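These notes concern the structure reproduced below.
The values are calculated or read from the model by the stated rules, or taken from the named source; none is laboratory data. Note that the structure is a prediction, hence the values are computed from the model and not measured. Neighbour counts are summed over all protein chains in view; Cβ atoms, including those assigned to glycine, are modelled from backbone coordinates with ideal geometry. Heads up: the accessible areas ignore ligands, DNA and RNA and are worked out on the full protein's heavy atoms, side chains in. Shrake-Rupley method; radii C 1.70, N 1.55, O 1.52, S 1.80 Å.
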Amino acid sequence: MAKPESLIDTLALERIEVNLFRGHAPKSDGPRIFGGLVIAQSLRAAYATVEQSLCHSMHCYFLRPGDPSIPILFEVDRARDGRSFTSRRVTAIQHGEQIFNLAASFQHPEEGVEHQDPMPEVPSPDDLADEQDLRRTITASLPPLMRRMVDRPRPIDMRPVDPQWFMSSKPAPPVQYVWMRAAQPIGDDPVFNQAVLAYASDMSFLSTAMRPHGMNWQTSGLQSASIDHAIWFHRPSNFSDWHLYVQKSPSASGARGFNLGEIFTREGVLVASTAQEGLIRYRPPLAD
């Protein structure tokens, strides 16, 4: 079996000017760039212009589908350098147009009061099947392009607590629990670990809003895409270890699904919170 792509290589950027960077999408059969990749590379571009601070929040908009066949340019606007907080705006560009933009805030380390939500009690990742193996059980029924995409090793290991979500057409509560970690060790650098967490945070998220409607990625007539994405980083963590991604969808309306998430370490430490709204447009196929 082929090895998964190296996130260290995938998220690497080339500096081509003081505030201008170039990144690449890994070669794949997919028609568009994975949103989490652009999130993570944009965050790394912002970090390349920041010193001695860690990102505590970032807010993103997906504007156009990314083209995996050409490089992505990342232009950083140094909006503000303060004594406590630093702000950056990053624009991702392809074919002369914005495909994505990000606003991020960074803070110098500071002590303060602390509290957090408790982690839900769910089965350990050691007791769950790997999502990649689960997906392979349905590849025979998929078109060739989709089959190649499913079979390609992923850089993030995922183990869903409810493993039937991507095969079932039965309505279910708008809640998901998914264990995640980097498929290969990524080291202890808190900045790079934030980037990998940001990359993984776009995985499985939008499908939470599909569950009450008996939809999944294979539903005929379904069009879906991320519209915006936000992350609040609460505490550093090492994404080489298992993290529990707790997801819920409070609302869906206007062909959009809204989702909230919390990411915990295996020890129960809340390290990040997320929010996302995505397009869920369903047009039933015409009967023969």
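All other residues with a Cβ under 15 Å from the Cβ of Leu222 taken together, and with Lys, Arg as +1 and Asp, Glu as -1, what is their net charge? Display every interim value, and only then the final one.
On the way: positive: Arg211, Arg256, Arg281, Arg283; negative: none.
Net local charge, Leu222 excluded: +4.
To the nearest 0.05, what FRET efficiency results for Asp189 and Arg283 with a Förster distance of 45 Å applied to their C-beta separation?
On the way: r = 45 Å, r/R0 = 0.99.
So, using R0 = 45 Å, E works out to roughly 0.50.
From the Cα gyration tensor of the range 227-288, with a ≥ b ≥ c the square roots of its eigenvalues, which class applies: rounded if a/c is under 1.5, or else prolate if a/b is larger than b/c, or else oblate?
Numbers: a/c = 3.53, a/b = 2.48, b/c = 1.43.
Prolate, since a/c reaches 1.5 and a/b exceeds b/c.
Could you pull out the GluC sites (Glu not before Pro) across the range 205-288 that fall in loop regions by DSSP (anything but H, G, I, E, B) with no more than 16 other Cβ atoms inside 10 Å? Numbers along the way, then the final one.
Working: sites: Glu262, Glu267, Glu277; in loops: Glu267.
Loop-located and lightly packed - Glu267.
Quick one: if you stick a label point 7 Å off each Cα along the C-beta vector at Arg78 and Glu97, how many nm between them?
Label at Arg78, label at Glu97, 3.2 nm between them.
Rounded to the nearest percent, how much of the accessible area of the range 227-288 (1.4 Å probe, protein heavy atoms only) is carbon and sulfur? Don't skip to the answer; put the middle values down first.
Details: 1590 of 2930 Å².
Answer for the range 227-288: carbon and sulfur cover 54 percent of the accessible area.
Over the Cα atoms of the chain, Rg to Rh with Kirkwood Rh, two decimal places? It would help to have the intermediate numbers written out before the result.
Values: Rg = 18.7 Å, Rh = 19.7 Å.
My calculation puts Rg/Rh at 0.95.
Which value in nm describes the separation of the simple spin-label points at Glu267 and Asp241, placed 7 Å from the Cα toward the beta carbon?
Calculated label separation equals 0.5 nm.
Using a 7 Å offset from Cα along Cα-Cβ at Ser57, what residues in the range 93-119 end up with backbone N under 11 Å from the label point?
Counting only backbone N, you get 104-106.
Compute, for the chain, the length of the dipole vector about the Cα centre, with Cβ point charges of +1 (Lys, Arg) and -1 (Asp, Glu) only. Units Debye, rounded to 20.
Working: 28 positive and 33 negative charges, 191 e Å.
Using only the charged Cβ atoms, the result is roughly 920 debye.
Peptides 101-108, 79-86, 176-183: what's the order by average Cβ count within 10 Å, highest mean first? Kindly include the intermediate steps, with their values, before the conclusion.
On the way: 101-108: 19.8, 79-86: 12.5, 176-183: 22.6.
By packing density, highest mean first, the sequence is 176-183, 101-108, 79-86.
Of Gly112, Gly187, Ile8, whose Cα points farthest to the positive end of the dipole of the chain (charges on the beta-carbon: +1 Lys, Arg; -1 Asp, Glu; origin at the Cα centre)?
Sorting the options by dipole projection puts first Ile8.
Using 0.36 nm times the number of residues separating Ile8 and Ser69, minus their current alpha carbon distance, what extension gain do you get? Don't jump to the answer; show the numbers that get you there.
On the way: separation 61, 0.36 × 61 = 21.96 nm, distance 1.97 nm.
Length gained between Ile8 and Ser69: 20.0 nm.
Let me see the P(r) profile for the range 65-139: every Cα-Cα distance counted, bins of 5 Å, each bin given as a percent of all pairs.
3, 10, 11, 9, 9, 10, 14, 18, 11, 4, 1
Taking only C-alpha pairs under 8 Å that are 6+ residues apart, what is the relative contact order of the chain in percent?
Working: 622 pairs, mean separation 50.3, N = 288.
Relative contact order of the chain: 17 percent.
Please give, to one decimal in nm, the separation of the simple spin-label points placed at Gln116 and Ser251, each 7 Å out from Cα toward the Cβ.
The modelled label-to-label distance comes out at 2.8 nm.
Step through the residues of the range 56-64 one at a time and calculate ³J(HN,Hα) from phi using the Karplus curve (6.51 cos²θ - 1.76 cosθ + 1.60, θ = phi - 60°), rounding each to whole Hz and writing x for Gly and Pro.
10, 7, 8, 10, 10, 10, 8, 9, 8
Quote to one decimal, in nm, the extra length available between Arg89 and Thr219 on full extension: 0.36 nm per residue of separation minus the C-alpha distance between them.
Details: separation 130, 0.36 × 130 = 46.80 nm, distance 3.63 nm.
Full-extension gain reported as 43.2 nm.
In sequence order, what are the phi-derived ³J(HN,Hα) couplings for the range 238-247 according to the Karplus relation 6.51 cos²θ - 1.76 cosθ + 1.60 with θ = phi - 60°, rounded to whole Hz, with x for glycine and proline?
Computed from phi, the couplings for the range 238-247 are 10, 7, 6, 9, 5, 10, 9, 9, 8, 10 Hz.
Taking the dipole about the Cα centre of the chain, with the C-beta of Lys and Arg at +1 and of Asp and Glu at -1, give me whichever of Ala275, Gln132, Thr219 is farthest to the positive side.
Thr219
Please compute the contact order of the range 30-131 in relative form: average sequence separation of alpha-carbon pairs under 8 Å and at least six residues apart, divided by the residue count, as a percent.
Values: 155 pairs, mean separation 30.0, N = 102.
Value for the range 30-131: 29 percent.
Would you mind checking which residues have amide H under 5 Å from Gln94's amide H? H placed 1.01 Å from N; only 5 or more apart, or other chain.
Counting only residues 5 or more places away or on other chains, the set is Ile99.
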